[in-house]
Amino acid sequence: MTVTVGVVLHSRHRNVIAEAADGIADLALRWAEYTHDADVPEAVAELLREPLDGLLMGRPTFDSYRHLLPDELPVTILRPAPLSLALAFSTAQAKHLRPPVSIDSFDHDAIAEVTAALNLKSAHVTALPYQPGQPASEVVDHHLRTVKRSGYVISARVEVANRLRGKLPVVQTQTIPSAVRAELYDLRQRIRARRADEFRFAAGVFLVAEQSRDQDVDRARVGLMNLLVNTPEFADALIENRGRRGLLVLAHKALFDEVTHDWATVPVLDRADEELGIRVAAGFGIGGSARTCVTLAERAAARAEAEGRPSGYLIEHSGIVVGPMSRDGRPSEFTVRDHGPRLEELARTVGLSAATLSRLVSVERRQQGRTLSPSELANALGITDPSGRRLLRKLLAGGLVEPEGSAQTHRKGRPSTLYRLCIETNLDT
């Protein structure tokens, strides 16, 4: 089945993107081109009028107009690669341009790597790393103040390069087809995996928890059955009686994604508590067969019942455990059941427990390549912010996270650095 990806890009990049996409099977591109930043909202709105499977766009475009995008749409963000910077230095040398040089949009690490390889003095290089929401005018002003009468500019932003022409020598970085091809291929694989995931079957087991001897469990189970049957989200699900205390629900995984708000909370449990006066535990299982799904759901339900309050757990065949899902809508535990010797070895290397590292692997899988702030990481693991920052320092030292941009999480104070988890990459190597 063909995967349709929308591409939001400056018109000068179209040939490069088309070259990168050539040869990727079952991939169709739909274009939203612009020549000025002000044209982007209209281009994006036009692109989204018809269904898309995914989206490819640059960082400034994504950060400025992400509010226009559907939350569920997979997005890949193109970032300037170190190779692009190295080629820009080569172009500058061919044009006989001499330092100092002012560079925008590249991360400090990329600039340090390239300048060290080219034996350039750091004193002759000024960097303005990418900042979300920073307008082109501020980047232009920075270059004008920094370069002044001598030197040149390397810019990864078309709008900035256009505004500086005639004022300063500018080298516009080039998009590398091979880098774009890798991103397009990865996006296509994510979309395919998501499609397959949505059509997977899952099981849910709902248990009426025993609370007192005089409780009529049979009556409570009947009430729970009626509650589930009359829940609109369960209209297409198969609901069966599983004995004196339990009910079994079989449906596509996508239905359970919706019912649990992407495995964050189970509102039907609160309704059972408020309307029927019963405590219900929910367990969900996702596996390769119906039998496996039910077995995992039963184990998850038993774990949820042990919480002593209305809650739910999810157990996947891969070993991921998510829960407890309760009223606050925040699962506090992510673990991998079978982490294996490679993960244990890596955990020892970076000074973490295998359990902690396995929980981080699960967070990385759920992020699907998205960055997160230190507080978001702490929130995902159910730990305090200071503990999250200490954990990040260990992960940085071990090469298990990569700094990637920043975000203003509070109106006051400095922006928070964003990080991308890369534990699975280290496990593969």
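Below, the figures for the structure above:
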read-out: Å² per residue, accessible surface of the stretch 173-309 at 1.4 Å; value: 50 Å²
read-out: Computed FRET value (nearest 0.05) for A123 with R195, which takes r as the C-beta separation and R₀ as 30 Å; value: 0.05
read-out: Ranked packing of 346-352, 166-172, most packed first, by mean Cβ within 10 Å; value: 166-172, 346-352
read-out: Debye log10 I(q)/I(0) at q = 0.11, 0.14 Å⁻¹ for the chain, Cα point scatterers; value: -0.96, -1.32
read-out: Cut-off 19 Å, label 7 Å out along Cα→Cβ of R219, residues of the stretch 245-285 by amide N; value: 245-246, 272-280
read-out: Gain in span if fully extended, T417 to R370, counting 0.36 nm per residue against the direct Cα distance; value: 15.6 nm
read-out: Length gained when the stretch E33-S137 is fully extended (0.36 nm per residue, less Cα-Cα span); value: 35.3 nm
read-out: Theoretical gain in end-to-end length, R145 to M1 [0.36 nm per residue, Cα-Cα removed]; value: 46.6 nm
read-out: Accessible carbon and sulfur surface of the chain relative to its total accessible area, %, 1.4 Å; value: 48 percent
read-out: Net charge contributed by nearby residues that have their C-beta within less than 11 Å of G6 (K/R +1, D/E -1); value: -1
read-out: Approximate spin-label separation T356-L396, in nm, with each point projected 7 Å along Cα-to-Cβ; value: 1.6 nm
read-out: The stretch 9-23 - phi-based ³J(HN,Hα) in whole Hz, Karplus 6.51/-1.76/1.60, Gly and Pro as x; value: 8, 5, 4, 5, 9, 4, 4, 5, 5, 4, 5, 5, 7, 4, x
read-out: Debye, to nearest 20: dipole size of the stretch 1-152, +1 on Lys, Arg Cβ, -1 on Asp, Glu Cβ; value: 980 debye
read-out: Förster radius 51 Å - calculated FRET efficiency between D385 and A18, Cβ distance, rounded to 0.05; value: 0.70
read-out: Student exercise, the chain dipole from Lys, Arg, Asp, Glu Cβ charges, in Debye to nearest 20; value: 1500 debye
read-out: Gyration tensor verdict on the stretch 14-160 (Cα atoms; rounded if a/c is under 1.5, prolate if a/b is larger than b/c, oblate otherwise); value: prolate
read-out: The chain: calculated mean residue ellipticity at 222 nm from DSSP helix runs of at least 4, using -39500 (n - 2.57); value: -12500 deg cm²/dmol
read-out: Range of Cα positions in the stretch 151-201 per principal axis (Å), largest first; value: 61, 19, 12
read-out: Which of M1, M325 is most accessible, then next, and so on - probe 1.4 Å; value: M1, M325
read-out: Size of charge dipole - the stretch 82-232 - debye, nearest 20, with Cβ of Lys, Arg +1 and Asp, Glu -1, no other charges; value: 920 debye
read-out: Distance between modelled label sites at S178 and H317, nm, 7 Å Cα→Cβ extension; value: 3.7 nm
read-out: The stretch 249-257 - phi-based ³J(HN,Hα) in whole Hz, Karplus 6.51/-1.76/1.60, Gly and Pro as x; value: 10, 10, 6, 5, 4, 4, 5, 5, 4
read-out: With DNA, RNA and ligands ignored, accessible area of I24 (1.4 Å probe; Å², nearest 10); value: 20 Å²
read-out: Residues of the stretch 1-101: accessible area per residue with a 1.4 Å probe, Å²; value: 52 Å²
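The values are calculated or read from the model by the stated rules, or taken from the named source; none is laboratory data. This structure is a prediction, so every number in the text was calculated from the model and none was measured. Heads up, the Cβs are rebuilt from the backbone with ideal geometry, glycines too, and the neighbour counts pull from every protein chain shown. In case anyone asks, the SASA skips ligands and DNA or RNA and just uses the protein heavy atoms, side chains included. Shrake-Rupley method; radii C 1.70, N 1.55, O 1.52, S 1.80 Å.
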